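Participant: Got a structure for you, written out below as structure tokens; questions coming shortly.
Throughout, read-outs are computed from the coordinates displayed, never taken from laboratory work. Small disclaimer: the values here were computed from a predicted structure and weren't measured. Glycine also receives a Cβ, built like all others from the backbone with ideal geometry; neighbour counts cover every protein chain displayed.
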Amino acid sequence: MEFRELSDGEWEFIRSLLPPKARVGRPRADDRRIINGILYVLTTGC
């Protein structure tokens, strides 16, 4: 199976399911980049 990044439509759907960014503390990493990384590992098996 070949890995492909999330399309804009897929990302809009997923983004609505994520919690809002916190007002205090360390800024969270880019959610889309993290989810693409998780999907890469699951797809390629590395």
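Participant: Would you mind computing, in nm to one decimal, how far apart the modelled labels at ASP31 and SER7 are, each placed 7 Å from Cα along Cα→Cβ?
Facilitator: For ASP31 paired with SER7, the spin-label model returns 2.1 nm.
Participant: Which ³J(HN,Hα) values in Hz, rounded to whole numbers, follow from the phi angles of the range 5-19 under the Karplus curve 6.51 cos²θ - 1.76 cosθ + 1.60, where θ = phi - 60° and Gly and Pro get x?
Facilitator: Per residue, the Karplus-derived 3J(HN,Hα) values read 6, 5, 6, 4, x, 5, 5, 4, 5, 5, 4, 5, 8, 7, x Hz.
Participant: Further question: Based on Cβ point charges of +1 for Lys and Arg and -1 for Asp and Glu, what charge dipole magnitude is obtained for the chain about its Cα centre, in debye rounded to the nearest 20?
Facilitator: For the chain, the charge dipole is close to 400 debye.
Participant: Relative to the first principal axis of the alpha-carbon coordinates of the chain, what is the inclination of helix 31-44, with its axis defined by its Cα atoms, in degrees from 0 to 90 and to the nearest 10?
Facilitator: 20 degrees
Participant: Let me know the longest stretch in the chain that avoids all trypsin sites (Lys or Arg not before Pro) found in a DSSP loop with at most 13 other C-beta atoms within 10 Å.
Facilitator: Numbers: sites that count: ARG4, LYS21, ARG23, ARG28.
Within the chain, the longest run free of exposed trypsin sites (Lys or Arg not before Pro) spans 29-46.
Participant: Here's another thing I want to ask about it. For the chain, what is the per residue volume of the convex hull drawn over the alpha-carbon atoms, in cubic angstrom?
Facilitator: Measuring per residue, one finds 84 Å³ for the Cα hull of the chain.
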